[in-house]
Amino acid sequence: MPFRQKSSGNSVLRCCLALPVIFCSLFAYSVAQTNPPNEPDPAVADSLKHDPLVPVAFDHFYNMDYDRAVAEFEKVLERHPNDPEAVNHVLMVVLLRELYRMGAMRSGEYASDSFIGEAHRPADPRVKEQIKQLVARAEGLEEKELKANPNDVNALYARGVTRGQFAMYTALVERAWFSALRNAVGARRDHEHVLQLDPNYVDAKLVVGTHYYVMGSLPWSVKAAVALIGLSGTKEKGLDYLRQVADSNTENSVDAQVVLGLFLRREHRYDESRALMHELAEHYLRCYLFPLEEANLLRAAGHPSEAAVMYRKVWQNGREGKYGKLHYELAAFGLGELLRSQKDYASAASAYELVGEVSDPDPETLQKANLAAGEMYDLLQKRDLAMKKYQTVLAENAATPPADQARKLIKQAYRE
């Protein structure tokens, strides 16, 4: 990490939670609820807002069919080469596809600050270059519009979106926290300017409300420091802004529900957060993330039996092909963690073993599951099975924290 003062560093890093799409991107699903035509008529697509291919692309993106979404948004961009929002759409899906591939889309990390220290797998250099080029293209178009009219609210809003997405890239891909913070602050200021010019531009309250909540969560000493550069906010105002967007039925309403759910989880208001996740899960049946988060929240709220049922439901839906090739095996790992906390070691080991039954599991999840299964076998006095699991962990990737732990446990059996 690029700094050493842990307490102040982590406090500053929490500001990066204000990136407008860090968690929205994990679970964000479209407000385009209509059933779009199979073959949009290009003649109708005279503006980006009315281009019928946009809701088609969003539908695929929000169902995590990233490859199709990229192709469709690129076609949209061909139709609207001078619209910065069209560039932002491509930027969004390219970035999210890469974060998903990297394993950087895990809800639990964003419910705390553990994402700060998690690097996951490295990004593809070609994708990194593509993202930078898209950012430069969007910013060029936005600056051109703002040069002609500095108070163009749509251009200001678009620039804030670009800055927010680049902030997420620099934080989660480049691990450049202070650069991410600068871009996140820029996004907030652009959208605050939008609200000054047009108080009814509700979508801009997503970024601003997120920042308000984060600023309200900082220690008083850090609040005083950021106040010197004109930043302030309270948790209550942040949550109020997010609720306004969530209830607005505008473009960002679903995203606001997701961010609101995250912050309510951080506040230990699990039932309120779960209600949001349950509603979204019922609406977006092809996404495993919402019901998985609902299971996590049930567990956090002290409802282990209900959580276990939900984990198993997500796992079964995945086995039946409802989530395609997405990494629904996270539900099996979550179930293992739940059963382990109840000291049901045999059942926990069986749950961890389920991760390996998926045809192409997430390698990081698989390695953690194999390590955890080995620990369960040690507790069950099945040392031979435990040793096999630890050897498997080392064979998968010998240069990870789970591999370091496996080496120790090969020498000495795991004990709680």
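The values are calculated or read from the model by the stated rules, or taken from the named source; none is laboratory data. Values in this document were obtained by computation on a predicted structure and should not be read as measured data. Every residue, glycine as well, gets a Cβ built from its backbone with ideal geometry; the counts of neighbours run over all protein chains shown.
For the range 143-200, the set of residues classified as farther than 21 Å from Val87 by Cα, modelled with pLDDT of 95 or more and surrounded by 16 or more Cβ atoms within 10 Å (Cβ to Cβ) consists of Glu192, His193, Leu195, listed by residue number. Just a yes or no: is a residue in the range 259-280 more than 30 Å from Tyr323 (Cα to Cα), without any contact (Cβ under 8 Å) to a residue 24 or more places away in the chain and part of a helix (DSSP H, G or I)? No, that holds for no residue. With respect to the conditions (1) closer than 22 Å to Leu239 by Cβ; (2) polar (S, T, N, Q); (3) at pLDDT 95 or above, Ser107 lacks only one, and its number is (3). In the range 287-302, the residue that is surrounded by the fewest Cβ atoms within 10 Å (Cβ to Cβ) out of those that are in a helix (DSSP H, G or I) and of a type in the set (A, V, I, L, M) is Ala300.
Quick grid of which residues meet (1) of a type in the set (Gly, Ala, Ser); (2) on the phi > 0 side of the Ramachandran plot:
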residue	(1), (2)
Ala331	yes, no
Lys343	no, yes
Ala372	yes, no
Leu394	no, no
Gln405	no, no
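Do we have any residue at all in the range 125-134 that's surrounded by 21 or more Cβ atoms within 10 Å (Cβ to Cβ), among the charged types (D, E, K, R), at pLDDT 95 or above and out of contact with any strand residue (DSSP E or B) (no Cβ under 6 Å at 6 or more places or on another chain)? No, the range 125-134 contains no residue that is surrounded by 21 or more Cβ atoms within 10 Å (Cβ to Cβ), among the charged types (D, E, K, R), at pLDDT 95 or above and out of contact with any strand residue (DSSP E or B) (no Cβ under 6 Å at 6 or more places or on another chain).
Checked against (1) over 21 Å from Glu375 (Cβ atoms); (2) in a helix (DSSP H, G or I); (3) touching a residue at least 12 places away in the same chain (Cβ under 8 Å), Tyr328 meets all criteria but (2). Residues in the range 281-297 that are touching a residue at least 40 places away in the same chain (Cβ under 8 Å) and over 23 Å from Gly103 (Cα atoms): His283 alone. Is it the case that Asp247 is surrounded by fewer than 24 Cβ atoms within 10 Å (Cβ to Cβ), within 23 Å of the chain's Cα centre (by Cα) and modelled with pLDDT of 90 or more? Yes, satisfied.
For the range 318-334, the candidate set comprises residues that are more than 21 Å from the chain's Cα centre (by Cα) and over 15 Å from Asn63 (Cα atoms); within that set, the residue that is surrounded by the most Cβ atoms within 10 Å (Cβ to Cβ) is Arg319. Filtered by the rule that a residue be surrounded by fewer than 23 Cβ atoms within 10 Å (Cβ to Cβ) and closer than 14 Å to Thr162 by Cβ, the range 94-106 gives a lone residue, Val94. Using the structure shown, decide if Ala307 is among the aliphatic types (A, V, I, L, M), within 18 Å of the chain's Cα centre (by Cα) and at pLDDT 95 or above. No. Of the numbered criteria (1) in contact with a Phe, Trp or Tyr (Cβ under 6 Å, 6 or more places away or on another chain); (2) buried (at least 24 other Cβ atoms within 10 Å of the Cβ), the one Tyr284 fails is (2).
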